[in-house]
Amino acid sequence: MSPDSPELIDFHEQEEERTRGSRGWLIVLIVLAGAVLTLVLGICSALSFEKASRLDDWAGRSMVVSGTYQTLTNDLVTKEYNGIYTGVMPKNELVDEYPFDNQLNDPVKKSEGDQITFRGTQTGVQDSDFPREVDALLAEQNGHLTVVETGEPGSYGDNGVTDSMVTGQRVRAAALGVGALFCVGLTVWGARRVHRGVREGI
């Protein structure tokens, strides 16, 4: 049989079509993976910038109380619940300046070493939705010392939000944003590389 017979020509054409098809799917997968990763990094960057902006309001004028979960109570805004935690009031000038509002009872003056109960900011519908231990960030609002945010232990340092903590949060947000842009560029480069290979028959 001649090398140029119709049977061999059809076989090579079919192989080339299969190769183009597989590379086409590879391009789709590259674009989808790149889009998902870019979206995740972009969202994380935006949330980090939002957190940095929020923490900046409390830099140098906040304190931290560690709390242990007790029970749950109705949320003040949604139909879900907040956790109720107990902790001990640390030494801080804010304690001397403002009465403590735990958002459960009327504001009352507290002193260093007093046991306090406070409402966490996380929401859920059952006990298992709430962490057993949290750090509560306390700051002045409307003339009262109150919990403005609760998070994992260590989230706010030992003595509250500092300027360096805010700067670090902004650097992290910027790094995530750069990562998202890099992911976009890498996705475009990868898709073009595969597409070029298809056109050149590599």
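The values are calculated or read from the model by the stated rules, or taken from the named source; none is laboratory data. Keep in mind that this is a model prediction, so the values were computed, not measured. Cβ atoms come from the backbone with ideal geometry, glycine included; neighbour counts cover every protein chain shown.
A few points about this structure:
- Test set (1) over 16 Å from VAL64 (Cα atoms); (2) modelled with pLDDT of 90 or more - ARG192 fails condition number: (2)
- Any chance LEU145 is at pLDDT 90 or above, within 27 Å of SER45 (Cα to Cα) and either outside any loop (DSSP other than H, G, I, E, B) or not assigned by TED's automatic domain parsing to the domain that holds VAL36 (or both): no
- Filtered residues of the stretch 28-51 (kept if touching a Leu at 6+ places or on another chain (Cβ under 8 Å) and of a type in the set (Ser, Thr, Tyr)): SER45, SER48
- Matching residues in the stretch 161-188 - criterion: being within 17 Å of the chain's Cα centre (by Cα) and at pLDDT 90 or above: ARG170, VAL171, ARG172, ALA173, ALA174, ALA175, LEU176, GLY177, VAL178, GLY179, ALA180
- Only residues that are part of a loop (DSSP other than H, G, I, E, B) and over 21 Å from the mean Cα position of the chain (by Cα) were counted across the stretch 126-142, and they come to 2.
- Answer residue from the stretch 145-160, given it is buried (at least 17 other Cβ atoms within 10 Å of the Cβ) and more than 21 Å from the chain's Cα centre (by Cα) and is nearest to GLU80 (Cα to Cα) among those: THR146
- Just one residue in the set LYS79, LYS91, LYS51 is surrounded by fewer than 19 Cβ atoms within 10 Å (Cβ to Cβ), outside any strand (DSSP E or B), without any contact (Cβ under 8 Å) to a residue 12 or more places away in the chain and among the charged types (D, E, K, R); that residue is LYS79.
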